[in-house]
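A short worksheet on the structure shown next.
Since every read-out is calculated from the coordinates, none of them should be taken as a lab result. Bear in mind that the values here come from a model prediction, so they are computed numbers and not experimental data.
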């Protein structure tokens with residue numbers, strides 16, 4: 001069985017399904033910028049000499065911080081009517 005096989009059935013309504021953390025963070029940085037992102041989510045990797053690499057490294061090891069980033073992303077993406 002392939003690694004991702006069957007995952008789509010498990011999360012058909014999850015807007016983050018298939019998104020990489022890097023894509024989410026790149027969107028937030030381009031949308032808000034590091035300074036405003038640091039105001040929304042007060043963690044050092046966004047407020048003290050931020051970089052994509054160090055932020056991704058921290059977020060991958062801190063599930064609580066990743067959850068905050070994902071919640072902000074979901075609030076920030078445009079809602080489209082089908």
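Under 1.5 on a/c is rounded, so check that first for the stretch 19-71, then, if it is not, pick prolate when a/b is larger than b/c and oblate when it is not; a ≥ b ≥ c are the square roots of the alpha carbon gyration tensor eigenvalues. Working shown, then result.
On the way: a/c = 1.32, a/b = 1.13, b/c = 1.16.
It comes out rounded by the Cα gyration axes.
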Note: residue 40 to residue 27 extended length (0.36 nm per residue) minus current alpha-carbon separation gives 3.2 nm
How much length, in nm to one decimal, is gained on full extension between residue 51 and residue 16, taken as 0.36 nm per residue of separation minus their Cα-Cα distance?
10.4 nm
The stretch 19-71: relative contact order from alpha carbon pairs under 8 Å, six or more residues apart, as a whole percent, is 33
